[in-house]
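Note sheet for the following structure.
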Amino acid sequence: MRYMDFNLYSPSGIAKVMDEYGVAPNKRFGQNFLINEKILEQIVDKAGVGQYDYVLEIGPGLGALTRKLAEKGGTVLALEIDRGFIEVLKGTLEGMENVTVLHGDILKTDLMALSREYAGGNPFKVVANLPYYITTPVLMQLLSSKGAVKEITAMIQYEVAERILSEPGKKSYGALTLAARYRGRPKLLIEVPPPAFYPRPKVSSAVLQIKPWDIPEFEVQDEEFLFKLIRASFKQRRKTLANALSHDPEVKLSRTRVFEALSSMGKPQMVRGEALSLQEFAELANCLCPCK
Ligand code: SAM
């Protein structure tokens, strides 16, 4: 089979390729292939991939998105955990000289080392149809790896996109919203229904773009403490901040200290974490920081 003979845009085409190579979709690795060619092209367009870009694709699968990325002429590095697909990719990516396929687990990969080895130390544009079982840890890894990632364009579960784009006071607002916002500016690009994939996932999806800040938007004296505070505030969202923080072993703060900090910020004693914006969490973290 030559690459021109592959049709990765229909369930029957995917089934044929898998049959040919003796592989099958593996739920354990979140394998839902994007078969809608128009959406694949939209993702690549919105990512603005050009010939001078270094692109990192997480989970190329059978190579449908990889091909579209490579056609734009940049340098594409595709990291796939499923060893069975590496052989398939040799076929579906045949003739694409600007693609390197690596076998590995993104969560065990040092992105700075990858950028040094494959991108001359330049940051990657990450473009991916992410495996949904690890969406949050992968996004956190990408967002916190300063210097190795300049932009993320990723298909994720719609519900996770909603949490990332949420606002104070909404049910979906929480630790993930604040962590993502602290690291960058998220933008919803495309809403994607289940029939765009094979096999069909149970949930809707969305393509989100996040550009990490070069410098955080708000000045924080101790980032680690900010994240401890955020996690503690949302462990039990119905608790007031003073209750949540004074009972949390990670932050160990007295109610009096929390009351003082809230009062200095003009906030009521009974306020809950879900009511505070990122800027207010940053202010609270600076007030309560053990680093002072
Ligand atoms: N890019 C293909 C597409 O759009 O059709 C496949 C996307 S599929 C949702 C997710 C892909 O990520 C699968 O190929 C899966 O094997 C791979 N994957 C899962 N866990 C991974 C990990 N920890 N590191 C790298 N790749 C992973």
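Side notes on the structure shown:
- Of E274, E260, E159, the one that fluctuates the most in a GNM where the chain has Cα springs shorter than 10 Å: E260
- Three semi-axes of the equivalent ellipsoid, region 28-91, Cα gyration tensor, whole Å, largest first: 20, 14, 10
- Among the chymotrypsin sites (Phe, Trp or Tyr not before Pro) in region 230-292, none sits in a DSSP loop with a Cβ that has at most 16 other Cβ atoms within 10 Å.
- Shown here for region 181-248: GluC sites (Glu not before Pro) in loop regions (DSSP other than H, G, I, E, B) with at most 16 other Cβ atoms within 10 Å, namely E217, E219.
- Coil-residue trypsin sites (Lys or Arg not before Pro) of region 154-197, DSSP, other Cβ within 10 Å capped at 13: K170, K171
- A Cβ-based charge dipole, computed about the Cα centre of the chain with Lys and Arg at +1 and Asp and Glu at -1, lands at about 1100 debye.
- Ranked V251, V55, criterion: other C-beta atoms within 10 Å, fewest first: V251, V55
- Report summary: the helix-based calculation at 222 nm, which adds -39500 (n - 2.57) for every DSSP H run with n ≥ 4 and divides by the residues of the chain, gives -11000 deg cm²/dmol.
- K16, K27, K228 arranged by Cβ crowding within 10 Å, fewest neighbours leading: K27, K16, K228
- Neighbour-count order for H103, H247, fewest beta carbons within 10 angstrom listed first: H103, H247
- Evaluated at q = 0.16, 0.20, 0.22 Å⁻¹: base-10 log I(q)/I(0), Debye formula over Cα of region 1-145: -0.83, -1.34, -1.62
- Each Lys and Arg Cβ is given +1 and each Asp and Glu Cβ -1; about its Cα centre, region 13-84 then shows a dipole of about 160 debye.
- Length-normalised contact order for region 3-212 - Cα pairs under 8 Å, 6+ apart - percent: 20
- Long-range HN-HN contacts of V149 with modeled amide H, under 5 Å: F124
- Residue-wise HN-Hα couplings along region 205-218, as the Karplus relation 6.51 cos²θ - 1.76 cosθ + 1.60 with θ = phi - 60° gives them from phi, are 10, 8, 9, 10, 10, 10, 9, x, 5, 6, 10, x, 5, 10 Hz; Gly and Pro carry x.
- Residue pairs exceeding 30 angstrom between C-alpha atoms, taken from K108/K150; K68/K170; K72/K187; K46/K228; K68/K235: K68/K170; K46/K228; K68/K235.
- Taking P11, P249, P195 in turn, the Gaussian network model of the chain (Cα-Cα springs below 10 Å) assigns the largest fluctuation to P249.
- Within straight-line cross-link reach of K171, aspartates and glutamates at Cα separation under 19 Å, skipping those fewer than 8 residues along the same chain: E159, E162, E274, E280
- The phi-based Karplus calculation (6.51 cos²θ - 1.76 cosθ + 1.60; θ = phi - 60°) puts the 3J(HN,Hα) values of region 42-55 at 4, 4, 5, 4, 5, 6, x, 6, x, 5, 8, 7, 9, 10 Hz, whole numbers, x for Gly and Pro.
- Förster radius 22 Å - calculated FRET efficiency between S254 and D222 (Cβ-Cβ, nearest 0.05): 0.75
- Separation in nanometres of the label points that stand 7 Å from Cα toward Cβ, at R116 and Q42: 4.0
- Look at the dipole of region 223-288 built from charges on Cβ: of L278, N243, F227, the Cα furthest out on the positive end belongs to N243.
- Semi-axis lengths, Å, the chain, gyration tensor of Cα atoms, sqrt of 5 times eigenvalues: 41, 20, 15
- Gain on full extension, evaluated as 0.36 nm per residue between N26 and K150 minus their Cα-Cα distance, stands at 41.6 nm.
- Our estimate of slack between Q279 and N243, defined as 0.36 nm per intervening residue step minus the Cα-Cα distance, is 10.9 nm.
- Mean separation of Cα contacts under 8 Å, 6 or more apart, over the residue count of region 223-288: relative contact order %: 36
- Rg of the Cα atoms in region 197-266, relative to 2.2 N^0.38 Å, amounts to 1.62.
Every number in this text was worked out from the coordinates using simple rules, so none of it is lab data. Note that this is a predicted model, so its numbers are computed, not measured. As a convention, Cβ positions derive from the backbone with ideal geometry for all residues, glycine included, and neighbour counts pool all protein chains shown.
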